[in-house]
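To keep things clear, I will list the structure first and then write my remarks on it.
The values are calculated or read from the model by the stated rules, or taken from the named source; none is laboratory data. A quick note: this is a predicted structure, and the numbers were derived from the prediction, not measured. When we count neighbours, we look across all protein chains shown, and the Cβ atoms used for this are built from the backbone with ideal geometry, even at glycine.
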Amino acid sequence: MSRIGRMPIAVPAGVTVEIAENNKVTVKGPKGTLERVLPSEMEIKLEGSEITVTRPNDLKKMKSLHGLTRTLINNMVVGVTQGYEKKLEVNGVGYRAAKSGKKLTLSLGYSHPVEMIDPEGIETVLDGANIIIVKGIDKEKVGQFAAEIRDKRRPEPYKGKGIKYADETIRRKVGKTGKK
């Protein structure tokens, strides 16, 4: 049996969960509302303040969907209560980030500044001139937007210039050595 799929999801106070037909789950909480259509084969039950997910049989596909469904619901519950955030660091001489309204402007050594507009439900906050914090209630969207920002200038292995996640380690390489 799936260890993760078996675990019940505790619904904290102030969070309402609605399960409609075709497994359309809506989670409302203090930070907002998330809804998602989950695999229809899974059986999602709300009992008191706990959500349980059960699978119909032990086919390989059902086993893999079991843990996934439970994790997706749990991520929604955590999102509307605490929210998610990812930290990005901008490293490099002359590399900086600026924010005006919903527009994030990145100077990354290109001939032009790179401009990015915050998507719906996502907020970027600057901590100093070189730390970008991406916040939101949808874990998937937060991770996706953080990855898009990082893709504008990935960290390079020689000097470590570029945009990296705060918890990421860059494999450094040794540069060229002079001729003897």
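Taking residue 125 as the residue in question, decide whether it is touching a residue at least 24 places away in the same chain (Cβ under 8 Å), within 30 Å of residue 26 (Cβ to Cβ) and not in a strand (DSSP E or B). If you could, list the steps in order and put the result at the bottom.
Details: touching a residue at least 24 places away in the same chain (Cβ under 8 Å): yes; within 30 Å of residue 26 (Cβ to Cβ): yes; not in a strand (DSSP E or B): no.
So residue 125 fails the test.
In segment 146-162, what residues are without any contact (Cβ under 8 Å) to a residue 12 or more places away in the chain and assigned to a helix (DSSP H, G or I)?
147, 151
Can you tell me how many residues within segment 58-92 are surrounded by fewer than 18 Cβ atoms within 10 Å (Cβ to Cβ) and of a type in the set (Ser, Thr, Tyr)?
3
So residue 51 passes all but one of these: (1) at pLDDT 90 or above; (2) buried (at least 16 other Cβ atoms within 10 Å of the Cβ); (3) closer than 23 Å to residue 143 by Cα. Which condition number does it fail?
(3)
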